[in-house]
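The values are calculated or read from the model by the stated rules, or taken from the named source; none is laboratory data. Since we're looking at a predicted model, the values are computed, not measured. Remember, those area values only see protein heavy atoms, side chains included, never the ligands or the DNA or RNA. Shrake-Rupley method; radii C 1.70, N 1.55, O 1.52, S 1.80 Å.
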Amino acid sequence: RRPTYCRSGVAQMSLGELTARVASRLSMPNYGGSMLVFILYWGLVFPTRPPGIPVSGTDVAQHGGNFVVMLLDLAIMGQPLNLLWLVHFFVFGLIYIVWTGVHFAVGIYRRNEFCSCGGESYPGCEVTPEGDKCLSLYSVISWYYPAQTTIVVLVIAFVVVPFFALVWWVLLRLVTYVQGAEANRHRGYGLGCAAWRAEFSWDMLRTDPGPEWVSWFATSPLLPDKFYLVGRAFNFALMGAICIWFTSVNPGYGLLMYLTNWSNYLQLFYLGIAWFASFKARQELHAAPPIDFGVNNSSKSSLVVAP
């Protein structure tokens, strides 16, 4: 059993617990979203670009570097990923789909080197003397073709998104098994069949860390305590460098248009508050050590925590 921490005589949620709850809710949209951007860009978007455009460093950083950063964070983080947090992934995707509809309804267009009508106008792309105007954010999600786009959106929502969420959920367990039994105890995972069956029970599908937020965010099963905060800060700084890089290359243009940028900025926010939650959790850890139940097992049913 993992040690449980709680607040004594405090009616309101502490800042540390608040950030831990936010980080928990954002974990699946960020881990799953980084893989979604990586796969969809190189699998669907990149092959449709006009020929002759070389792969740039920002292309790799935005659509691959972000994925690497989240893999690094997965390896060192202490909190689990619960499957019910897939709901938050759905919400993030739904908001972006609504944005693509707003983009279409308002008539916002984009004009850059990636917009090419192939010499003639067609629904969603206009050839003008000033250059081609793309009226859809992505060729595969163009509301000028509502039936096709609806099918693509439904497949992404109910097949691709759950699949990526499941991949990250399994990846965390594989990483945990490589780290060994101590990591399993840290995250509350067992190695036997009973533990796997328990993971699919409704009791495990919690949306909040609750009073266990300290034990989830205070330590890493991989890094020593003195390097844990440094590791999370490094991931935040690396993601920040990626965001600054692509923002400086394309200042002001398209920063709020594309799913890639939405995902990267959200990852930066998540990594920042995850570091802060870990920082506050370590403060709580030193201020209120784990409960020592002693040899009397009956005392486990009544928790008494010193302030």
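Of note:
- Residues whose amide H comes within less than 5 Å of that of residue 125, counting only those at least five positions distant or on another chain, are 135 (H built at 1.01 Å from N in the peptide plane).
- Accessible-area value, residue 96, 1.4 Å probe, nucleic acids and ligands omitted, Å²: 10 Å²
- Of the residues 276, 269, 236, 89, ranked by 1.4 Å probe accessible area with the largest first, the sequence reads 269, 236, 276, 89.
- Computed from phi, the 3J(HN,Hα) profile of the range 271-283 under the Karplus parametrisation 6.51, -1.76, 1.60 (θ = phi - 60°) reads 5, x, 6, 5, 5, 5, 4, 5, 4, 5, 5, 5, 4 Hz, with x in place of Gly and Pro.
- Ranking 286, 88 from most to least accessible surface, computed with a 1.4 Å probe over the protein chains only, gives 286, 88.
- To the nearest 10, the accessible area of residue 132 is 40 Å² with a 1.4 Å probe.
- Phi angles of the range 39-49 translate, via the Karplus equation with coefficients 6.51, -1.76, 1.60 and θ = phi - 60°, into HN-Hα couplings of 6, 5, 5, 6, x, 10, 7, 4, x, 8, 5 Hz per residue; Gly and Pro are given as x.
- With DNA, RNA and ligands ignored, accessible area of residue 151 (1.4 Å probe; Å², nearest 10): 110 Å²
- Tensor-based shape of the range 24-158 (alpha-carbon gyration tensor, a/c under 1.5 rounded, otherwise prolate or oblate): oblate
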